[in-house]
Structure formats: structure tokens, C-alpha cells
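Engineer: Shown below is the structure under consideration.
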Amino acid sequence: MIVRRSRRRSTTPPPPPEPGDWHVFLLRNDCRRVVFEDLVIDGNRTGLTHPDEQSHGVEVESGTEDLVIDRCIVRECFGDGVRLAGTDQVGKTVRRVRIQNCLFQTNNRSGLSIQRAVEQIIVAHCHFDANVSDQSIDFEPTGSGGPTNLVVQGCIINHTNPTKAVTLSGLKGPDPLFNCKFIDNIVLGGPISCSDVNQLTIQNNTVLVTHLGTTVERIPVQVQRGGDAVIISGNLLVNDDTTTEAVISLSEANQRQVTRALVTDNLCFARSGNGIQCLSSDDIAIQDNMIVATDACKQGVFIRSESSDMDHISVRDNDVTVKENGAWDRGILIASNAPNQVRHVSVVGNSVRGAAEGIRFENSLFNHTPLCSLNRIGADVAAPLNGLVNLPEQAVVVGGASSRGGAAAASGAGRILAGLHDPNNRVLGNVGDMFQRLDGVPGETLYIKEVGNGTTPDWHAK
């Protein structure tokens, strides 16, 4: 008799294989003095078995020092082409890395990613082409320890997906991205987004944000959520997206302001939204920029106390203009937003044309009388100056040696003010100040302060 054991087929499918980390090269355990030169590093992302997003071309782990990647093609990686991931433990940062003359092409996640503590990194004369899903260059620190002393120079970035082309970011609090220069690059197709930065320079770049027909916000250069000592200068910036909010934006988020920033000598083309906007930031100078509307746009320069007070804002010597069918609602808008105040602000020496309004002060939460003088408003602008009724003294300072006088007797600064209504018992003045009443009548148009410093009475009509 033959006895056979019956086999019952299981109806439960086997568990799927665990995804694998398919790095082409892995540097770990404190590698030193490594050179990759004249290589094609192909991650074979479409042929991998169960890969995950950590399948990188070159994975550089903590403790690696003195690494050179030169004249290499890094392509088709399922994760990043090159990933630098250090820690802030003593001796465990990734440091002294030079990546130059390389092509990063059709990698799935990022061409180059920088995560956690790295320092003394140079990325020069590289091409980043057709990244599939994420940023072409991605600074995305986690844990502790921010990137320090980095230069990205002379690269061409052809960005073809809706994400940010470049993110330059550090960590909240004591570990921002520190001392970083992004200079002389060409970025096509996507924006540069920055957060938690200290001593950041974005200079002499060309950035083109193309129209995608989506609602994804794609500001060509944006600094938000923490920034200090920021320079944005000499860039050619083009927004060709009809839904983008601004060409350059400085803004506060999560109670982290941008402070001590200089935005200068940029050529900005706006197809929608604002040219240069500054929201809830302090100690900001916006100067010597040319801001061009190529379609119907809002404000050439837009300042607003959106989520906190603003102080010491200077808008000077900017040229707000138009090209072909371009038009601005307003050349320059300074707006307070309840309950947050705008304190010291100056608008001097700007040129505005192609706008319905030249300069407007909006809402009433202004803490000091603004300095607003010598602005050149084109003949095509119907309303050169609006919003005096919203200001503390319904006036602006248009000239004089100083914006305010001294405390001692006869120490007036010789201010020249222009505003509405009789200044007596309303406008603070110093001996020697002059007030030009814009709604005056004969005998009540020009007033001189002859008695009292820092007081409101004793303005005498001339």
C-alpha cells in the first residue's frame, strides 16, 4: 500500500521582498582621500529589484574627508546621484569635498543631496539634467548639525519637474545653513528656495521659472522661515508662470523672520503677482533693482507686516517699469496688516511707470511718519501718491537734513514734510521744519515751525 501525504496549497501570498539599498559606491567608516575620476556611475534605476529611495549613486557617510568627484557622469540612480550625510559628532562630519565637471542626469530623487552636518564643500561647473521627481540640488538637513561653508558655482541646472530646482536649507535654531554662496549658475525650469540660513549669498545667477499651468507656488528666489545676513544681488530672474506670487520673496514663517537682507542690482521679469515682496521682515534694503512687468501684475515692490511688525525697511533707486503688454496695479505698496505695525520705512529715488498708482501707503498701523521723496512717477500713472490719510500725521517726510530733530532747544533738523490738513496740534515738529499742505488754500499752504521741539503746536502759516 502506498500512502501519500496530501499537500494543501496556502492561500496566503508570500510577503514581498524587503526593498534594498542599491548603492553603486558606499563610503563609510571614516574614508579618507578618495578620488572618483572619469567614471560613468549608472544606478540602473529601471532595472533594480525592489529598490527604495536610499539607492544612491555615491553614498557618502559620516566621517568621510577629502573626497573628489571629477569628470564623472552620474545617471539613472533610483535615489540621489550623490548624497552627503554627516553628523555633528566630533570627527564625524563630511568635510572637504570637491565635486566638479560632472553630469547628473535623470536621477530619480535628487542629483545632489546634502543632509546633516557637512562642511567645506565645493560644487563647480556641473550639469544637472532632467531630474525625475525631486530637487536637482537639495539641502535637506535633519537631526542636528547644519551645513557650513559651501559654494555652488558655475553650474547649469535643467530642471524638468514641478518641485523646487534648488533648496538651500539648514536647521531651525542653532544650526542654520551657514556661509553658503550660490553664484554664477544658470537655473532653467524651477526656483531656488531657502530657509533657516545665515550668511547666504545668491549672486550673478540666471533663473527662469517656466509656466506649468499648475497652482504650485514657484517663486524664482524665495527666502523664508529664518534668514540672517542675506545678499541677493546681480541676478537675472524671470517668472513666466501665471500663478506665481513674486519674483523675489522674503517672508516670515513660524515666527522666524528674515533680517538684515540686501536685495540689489537684480533684473526681475514678472508675468504675474509681485516683483519683489518683503513680508514681516526687519532691516531690509531693496535697492537699484529693475522690475519689469510682462503681463498684468500687482505690485513692483510690495511691503507688508503680514504676521509680525516690520522695522527699518528701505526701498530706494528701483526702476519699476513694463514691457509690451505689461502693467502694474501699483508701483510700490507699503501695507500694514492688523495687528502688526510698520515702523521706520523709507521710499526714496524710485522710478515708476506703467502703473495705475505710483506709491500707496495702505491701512493705518504705521508707527512713524515715512520718508518718501524724490520718486519719479511717469506721466502714464494716474495717481502718483495715495494713502496719506493712513499715516500717523497724514504726511510724509520729503526732504531735510534728517528724518527727526534733536531734544535740545533749537536743534530742529530742517525737515520738509508734505501732507494733508493744518499741522497744528497734529504733526510733531522741530524748530526749522517746514510743512507743505497739499490741500491748502492761499495763506494756509506753507507752515514753518518757529517754536518748540518735538511738539505739535506753533506751526505758523506763511
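The values are calculated or read from the model by the stated rules, or taken from the named source; none is laboratory data. What you see is a predicted model; the values in this text were computed from it and never measured. No Cβ is skipped: glycine too gets one built from the backbone with ideal geometry, and neighbour counts run over all protein chains shown.
Engineer: Residue check, Arg45 against (1) in contact (Cβ under 8 Å) with a residue 60 or more places away in the chain; (2) surrounded by 22 or more Cβ atoms within 10 Å (Cβ to Cβ); (3) among the charged types (D, E, K, R), all met but one. Which one?
Structural biologist: (2)
Engineer: Name the residues in the stretch 282-304 that are more than 16 Å from Val347 (Cα to Cα) and either at pLDDT below 95 or not hydroxyl-bearing (Ser, Thr, Tyr) (or both), would you?
Structural biologist: If the condition is that a residue be more than 16 Å from Val347 (Cα to Cα) and either at pLDDT below 95 or not hydroxyl-bearing (Ser, Thr, Tyr) (or both), then Val292, Ala293, Asp295, Ala296, Cys297, Lys298 are the ones that fit.
Engineer: Pairs please, first residue from the stretch 437-462 and on the phi > 0 side of the Ramachandran plot, second anywhere and surrounded by fewer than 15 Cβ atoms within 10 Å (Cβ to Cβ), Cβ atoms under 6 Å, 6+ apart in sequence or on different chains.
Structural biologist: Listed pairs, sorted by first residue: Asp458/Val451.
Engineer: Collect the residues in the stretch 179-221 that are of a type outside the set (Ser, Thr, Tyr) and touching a Gly at 6+ places or on another chain (Cβ under 6 Å), keeping them in residue-number order.
Structural biologist: We begin by selecting, within the stretch 179-221, every residue of a type outside the set (Ser, Thr, Tyr); these are 179-192, 194, 196-200, 202-205, 207-209, 211-213, 216-221.
Correct list: Asp184, Asp196, Val197, Gln203, Asn204.
Engineer: From Gly173, Gly226, grab the single residue that is among the small types (Gly, Ala, Ser), under 30 Å from Arg95 (Cα atoms) and touching a residue at least 24 places away in the same chain (Cβ under 8 Å).
Structural biologist: On the way: Gly173 fails: touching a residue at least 24 places away in the same chain (Cβ under 8 Å).
On inspection, the qualifying residue turns out to be Gly226.
Engineer: Got a number for residues in the stretch 369-396 being out of contact with any helix residue (DSSP H, G or I) (no Cβ under 7 Å at 6 or more places or on another chain) and over 20 Å from Val301 (Cα atoms)?
Structural biologist: Residues flagged as out of contact with any helix residue (DSSP H, G or I) (no Cβ under 7 Å at 6 or more places or on another chain) and over 20 Å from Val301 (Cα atoms) within the stretch 369-396 amount to 3.
Engineer: Within the stretch 327-335, is even one residue farther than 21 Å from Gln394 by Cα and either over 23 Å from the mean Cα position of the chain (by Cα) or charged (D, E, K, R) (or both)? Break it down into steps so the answer makes sense when it comes.
Structural biologist: Within the stretch 327-335, the subset farther than 21 Å from Gln394 by Cα is 327-329.
Applying the additional criterion that residues be either over 23 Å from the mean Cα position of the chain (by Cα) or charged (D, E, K, R) (or both) yields 327, 329.
Checked against the condition, which is being farther than 21 Å from Gln394 by Cα and either over 23 Å from the mean Cα position of the chain (by Cα) or charged (D, E, K, R) (or both), the stretch 327-335 yields at least one hit.
Engineer: Determine whether the stretch 230-237 contains at least one residue that is within 18 Å of Ser136 (Cβ to Cβ) and in contact with a Cys (Cβ under 9 Å, 6 or more places away or on another chain). Steps first, please.
Structural biologist: Taking the stretch 230-237 and keeping what is within 18 Å of Ser136 (Cβ to Cβ), we get 235, 237.
From what's left, in contact with a Cys (Cβ under 9 Å, 6 or more places away or on another chain): 235, 237.
Among the residues of the stretch 230-237, at least one is within 18 Å of Ser136 (Cβ to Cβ) and in contact with a Cys (Cβ under 9 Å, 6 or more places away or on another chain), which makes the answer yes.
Engineer: Residues in the stretch 126-135 that are assigned to a loop (DSSP other than H, G, I, E, B) and either crowded, with 19+ Cβ neighbours inside 10 Å or in contact with a strand residue (DSSP E or B) (Cβ under 8 Å, 6 or more places away or on another chain) (or both): how many?
Structural biologist: So the answer is 5.
Engineer: Another one. Restricting to the stretch 164-210, name every residue that is assigned to a loop (DSSP other than H, G, I, E, B), at pLDDT 90 or above and not hydroxyl-bearing (Ser, Thr, Tyr).
Structural biologist: Kept after step one, since they are assigned to a loop (DSSP other than H, G, I, E, B), are these residues of the stretch 164-210: 164-165, 170-176, 184-185, 189-191, 196, 204-205, 210.
Restricting the remaining residues to those that are at pLDDT 90 or above gives 164-165, 170, 176, 184-185, 189-191, 196, 204-205, 210.
Result: Lys164, Ala165, Gly170, Pro176, Asp184, Asn185, Gly189, Gly190, Pro191, Asp196, Asn204, Asn205.
Engineer: Filter the stretch 136-163 for residues that are of a type outside the set (S, T, N, Q) and not in a loop (DSSP other than H, G, I, E, B) and give the result.
Structural biologist: Residues of the stretch 136-163 of a type outside the set (S, T, N, Q): 137-141, 143, 145-147, 150-152, 154-157, 159, 162.
Selection gives Ile137, Asp138, Phe139, Leu150, Val151, Val152, Ile156, Ile157.
Engineer: Residues being assigned to a loop (DSSP other than H, G, I, E, B), surrounded by fewer than 19 Cβ atoms within 10 Å (Cβ to Cβ) and among the small types (Gly, Ala, Ser): count how many of those fall in the stretch 87-125.
Structural biologist: Qualifying residue count for the region: 1.
Engineer: Would it be correct to say that Cys102 is more than 18 Å from Pro191 (Cα to Cα) and assigned by TED's automatic domain parsing to the domain that holds Asp52? Break it down into steps so the answer makes sense when it comes.
Structural biologist: Numbers: more than 18 Å from Pro191 (Cα to Cα): yes; assigned by TED's automatic domain parsing to the domain that holds Asp52: yes.
Considered against the rule, which asks whether it is more than 18 Å from Pro191 (Cα to Cα) and assigned by TED's automatic domain parsing to the domain that holds Asp52, Cys102 comes out as yes.
Engineer: Can you give me the ranges of the strands (runs of 3 or more DSSP E) entirely in the stretch 214-323 with at least 2 residues that are of a type in the set (Asp, Glu), surrounded by fewer than 24 Cβ atoms within 10 Å (Cβ to Cβ) and assigned by TED's automatic domain parsing to the domain that holds Val342? Working first, answer last.
Structural biologist: On the way: elements: 221-224, 227-233, 236-239, 246-251, 258-264, 267-270, 274-279, 282-287, 290-293, 296-304, 311-316, 319-322.
Result: 282-287.
Engineer: Could you pull out every one of the strands (runs of 3 or more DSSP E) wholly within the stretch 27-86 that has 2 or more residues that are closer than 14 Å to Thr106 by Cβ?
Structural biologist: Details: elements: 32-37, 40-42, 58-60, 65-70, 73-75, 82-85.
Fully inside the stretch 27-86 and qualifying: 40-42, 73-75.
Engineer: From the list Asn375, Asn424, Asn430, which one is in contact with a Gly (Cβ under 7 Å, 6 or more places away or on another chain), surrounded by 14 or more Cβ atoms within 10 Å (Cβ to Cβ) and not assigned by TED's automatic domain parsing to the domain that holds Asn274?
Structural biologist: Working: Asn375 fails: not assigned by TED's automatic domain parsing to the domain that holds Asn274; Asn424 fails: in contact with a Gly (Cβ under 7 Å, 6 or more places away or on another chain).
On inspection, the qualifying residue turns out to be Asn430.
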